[in-house]
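**Q** Handing you a structure now.
What follows is calculated from the coordinates using simple rules that are stated; it is not laboratory data. It should be emphasised that the depicted structure is a prediction, and the values quoted were computed from it without experimental measurement. Here the Cβ positions follow ideal geometry from the backbone for every residue, glycine too, while neighbour counts run over all protein chains shown.
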């Protein structure tokens, strides 16, 4: 589904601040994979997502999505096939516009001059009802009035309204309180399962990384240092991951946020 | 002041307010919706006036309107192109286009800075002929402008509901979200500024034809005047739905002109218009900001006072 061949990216190349953010990354994601990505801050997890989404062009390597070479495709064109959620719930929706208007843009139906039809409206309501947050009765309300959890759930709905080939979740529950986080995660799982989406999820929560998905990847200093799938992944524990990190990175993992 | 006087003042404010309210509607699109402060507005307004006048003088009163709007689209396109494709800061792009337009405007008028339309048939004189003999005969200016304003409001309301219109609004609200909806924000910015440019030029064209002359300074300070009107309207109807907010923009233009006309009656010299509009913009933008800062300032002040008391 998604293939990265020797992808590298250096920020501020040629200056004293040069930093190798992605170091020769090769990754093959199979259709239907749900991959958890863990790693300390600055390991390159979000940078990897940015490279796939096209927030910047990579220095080297090729990125193939579902057979199409997207290495040089602009960000907005890739977005047709890639849905993405950020840690910041404010990032994925337009606060000054209503829920319905946000959904209309995400749905992207019809020509440029078409407007929201009655049927679209009903579909929006049905989809919103699945979130079970009462948003289906507030479609005219500005998105800026919603809580962080509601907004993230809405963003999830928007990102998957037309099921994308690839869904990227960048710590999308980290800014939410535990109860809301749980709810958004459950929603994520049901949407991913219902649409059989291929999904990559960055998380700082090792237990969550172990509980969800069929494959786990650990990154450090812009490289993938550990990759386990299927049976092997199922038997992993948090202790195993810590041990793996020590072996691969040559130092123990001391980031508090990763011990959760 | 008699009732007739008041009516007369209202009439003047209405005539001036309506033609300039078109520029306010243009800023409603570019400033409020797209979140771009388009400083080429002055030049674009003059461009519309010059193109419209040149066209009307050569005997095409209706084509004048169309050509003025087309010229506005070109001006808006260049401003948008500079800021989205050439890496020029959006304020600077507007200023650059504004400067360049000065030369173009003089060229359009045929190497002069003043054109007279005293005997030129325009949409206004056409309307005057149509209304001759009816009770509305004296109101021909208001009627032409009203038709234009109504048409632009209806267009904006319908347009902002379309997918393209929503995308333009979202571009001003959260460009990241536009990109993730697989829409190119460069495209929406260009379309938005082209449309707002055409409305600004229409405003300039009608203003010139209503006053039967154009000079090169007709648009100077327009962006501040329109912004002041927009912010006044915003204070009344800013939190409502789009159609009401558009009407609010027109209302703002009317109120602004009314205040100005009344001030003129109290012997305020005409050249004060621009200072007044500048001050209104400062108050309208700085006011809400200072209001949020007020509790903080108050706390600092009391703390300082207490501190001084302790030291003494």
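**Q** Over all residues in B:183-192, what is the mean tally of Cβ atoms on other chains that come within 10 Å of each residue's Cβ?
**A** On the way: counts 6, 5, 2, 2, 2, 1, 0, 0, 1, 0.
Counting Cβ atoms of other protein chains within 10 Å of each residue's Cβ and averaging gives 2.
**Q** Shifting gears a bit: Quick check on packing: order A:223-233, B:269-279 by the mean number of other C-beta atoms within 10 Å, highest mean leading.
**A** A:223-233, B:269-279
**Q** Relative contact order for chain B using alpha-carbon pairs under 8 Å, separation at least 6, rounded to a whole percent?
**A** Reported relative contact order: 32 percent.
**Q** Compute the FRET efficiency between residue B:239 and residue B:136 as 1/(1 + (r/R0)^6), taking r as their Cβ-Cβ distance and R0 = 30 Å, and round to the nearest 0.05.
**A** Working: r = 35 Å, r/R0 = 1.18.
Efficiency for this residue pair is about 0.25.
**Q** Can you give the mean number of other chain Cβ atoms that lie within 10 Å of the Cβ atoms in peptide B:159-171?
**A** For this peptide, the per-residue mean of nearby foreign Cβ atoms is 5.
**Q** Quick one: if the Förster radius is 60 Å, what FRET efficiency do residue B:112 and residue A:1 give, using the C-beta to C-beta distance and rounding to 0.05?
**A** 0.35
**Q** What order do you get for A:124-136, B:23-35, A:65-77 when each peptide is scored by the mean count of other beta carbon atoms within 10 Å, highest first?
**A** Details: A:124-136: 16.5, B:23-35: 26.8, A:65-77: 14.8.
Output ranking for A:124-136, B:23-35, A:65-77: B:23-35, A:124-136, A:65-77.
**Q** Follow-up question, since we're still on this one. Which order do B:262, B:282, B:223, A:52 fall in if you start with the one that has the fewest other Cβ atoms within 10 Å? The partial results should precede the final answer.
**A** Numbers: B:262 15, B:282 12, B:223 27, A:52 23.
Ranking B:262, B:282, B:223, A:52 by Cβ neighbours within 10 Å, fewest first, gives B:282, B:262, A:52, B:223.
**Q** Rounded, prolate or oblate: which fits the protein assembly as shown, taking a ≥ b ≥ c as square roots of the Cα gyration tensor eigenvalues, rounded meaning a/c under 1.5, else prolate when a/b beats b/c?
**A** Prolate shape, in that a/c is at least 1.5 and a/b is the bigger ratio.
**Q** Shape call for chain B from the C-alpha gyration tensor, a ≥ b ≥ c root eigenvalues: rounded (a/c under 1.5), prolate (a/b greater than b/c) or oblate? The partial results should precede the final answer.
**A** Numbers: a/c = 1.83, a/b = 1.31, b/c = 1.40.
It is oblate, given that a/c is not under 1.5 and a/b is not larger than b/c.
**Q** Per DSSP H run of at least 4 residues, take -39500 (n - 2.57); add these up for the protein assembly as shown, divide by its residues and hand me the 222 nm value, nearest 500 deg cm²/dmol.
**A** Using -39500 (n - 2.57) per qualifying helix, the result is -19000 deg cm²/dmol.
**Q** Please compute, for peptide A:81-91, the average count of beta-carbon atoms on other protein chains lying within 10 Å of each residue's beta-carbon.
**A** Averaged over the peptide's residues, the number is 2.
**Q** Something else about it: Determine the shape class of region A:126-260: with a ≥ b ≥ c the square roots of the Cα gyration tensor eigenvalues, call it rounded for a/c under 1.5, and otherwise prolate if a/b is greater than b/c, oblate otherwise. Write out the running numbers ahead of the final one.
**A** Numbers: a/c = 2.67, a/b = 1.99, b/c = 1.34.
It is prolate, given that a/c is not under 1.5 and a/b is the larger ratio.
**Q** Here is a follow-up. Can you compute the modelled spin-label distance between residue B:3 and residue A:238, with each label point 7 Å from Cα toward Cβ, in nm?
**A** For residue B:3 paired with residue A:238, the spin-label model returns 8.3 nm.
**Q** Using per-residue counts of other Cβ atoms within 10 Å, averaged over each peptide, order A:37-48, A:203-214, B:291-302, B:147-158 from highest down.
**A** Listed from highest to lowest mean packing, they are A:37-48, A:203-214, B:147-158, B:291-302.
**Q** Can I ask one more? Between residue B:301 and residue A:174, how high is the FRET efficiency from 1/(1 + (r/R0)^6) when r is the Cβ-Cβ distance and R₀ = 45 Å? Nearest 0.05.
**A** 0.65
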